[in-house]
Amino acid sequence: MRLILMGPPGAGKGTQAKYVAEHFGIPAISTGDIFRANVSQGTPLGVEAKRYMDAGEYVPDEVTNRMVRNRIDEDDAAPGFLLDGYPRTVAQVSELDQMIEATGHRLDAAVVLTVDAEELVQRLLARAQTEGRADDTEEVIRRRQEVYTEQTEPLIDVYRSRGLLVEVDGMGEVDEVTQRVFAALDVLPSS
Ligand code: B4P
């Protein structure tokens, strides 16, 4: 199973990714988490990524693509994977197409979580209180929403035109959303 999980910042990608990955027995690969781990370890990748993340901007494609390519080459991703937060740009879509083609497999679905704009801001402000992430200030949250609208929202039509889009209502309790994702994916031919 090869899945991507999309949605605006705060839609619950990271929250749902772990349940969905566990359900299908595949690793959840979060570009945001990998960047944050590098930031906290002070690696060169982390130093570079932090500049962009703290401003609410996307990390440059070539950096992100290389990182994902290395990660999906690892053994645990051979049976499949769930990409949480990648691709986020048109250039990342082409790169991912090549990565998957090289494995002789295909993408099974692109799941997009839809959540009201006001709810997104509330969730991220609540996360700021509990986790204190540097990119969860109101100003940066607003910038992240803009970047998503400009650079990532167009990807929804790309995957829709390929017949791979699975839209899931991301409003409500975490468990309700998880059940909706399972219900949408369990009917796919390859699962
Ligand atoms: P991410 O880590 O992907 O962060 P996100 O979009 O903010 O969060 P997500 O949607 O996963 O929300 P979550 O489940 O945590 O990216 C961070 C940054 O990394 C980007 O801005 C960018 O700079 C960089 N980056 C990552 N990928 C990149 C790429 N491909 N290219 C370039 N740059 C990249 O949920 C949010 C909050 O809501 C949580 O507190 C959660 O507990 C809560 N929540 C979740 N579901 C809920 C529900 N149903 N009800 C109530 N609350 C809920």
**Request:** Tally the residues that are more than 26 Å from Met53 (Cα to Cα), assigned to a loop (DSSP other than H, G, I, E, B) and near the ligand (Cβ under 9 Å from one of its atoms), restricting the search to the range 133-188.
**Result:** 2
**Request:** Could you tell me whether the range 27-34 includes any residue that is modelled with pLDDT of 95 or more and away from the ligand (no atom under 15 Å from the Cβ)?
**Result:** yes
**Fill in**
Counting only residues that are assigned to a loop (DSSP other than H, G, I, E, B) and more than 16 Å from Ala17 (Cβ to Cβ), the range 76-106 contains a total of 7
**Request:** Return a yes/no flag: does the range 101-124 have any residue that is small (Gly, Ala, Ser), under 17 Å from Val147 (Cβ atoms) and under 15 Å from the mean Cα position of the chain (by Cα).
**Result:** no
**Message:** Could you check the range 22-49 and list, in sequence order, the residues that are assigned to a helix (DSSP H, G or I) and touching a Phe, Trp or Tyr at 6+ places or on another chain (Cβ under 8 Å)?
**Reply:** His23, Thr31, Leu45, Gly46, Ala49
**Complete:** The number of residues in the range 15-30 that are surrounded by fewer than 22 Cβ atoms within 10 Å (Cβ to Cβ), in contact (Cβ under 8 Å) with a residue 60 or more places away in the chain and in contact with a helix residue (DSSP H, G or I) (Cβ under 7 Å, 6 or more places away or on another chain) is 4
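The values are calculated or read from the model by the stated rules, or taken from the named source; none is laboratory data. Since we're looking at a predicted model, the values are computed, not measured. Neighbour counts run over all protein chains shown; Cβ positions are idealised from the backbone, glycine included.
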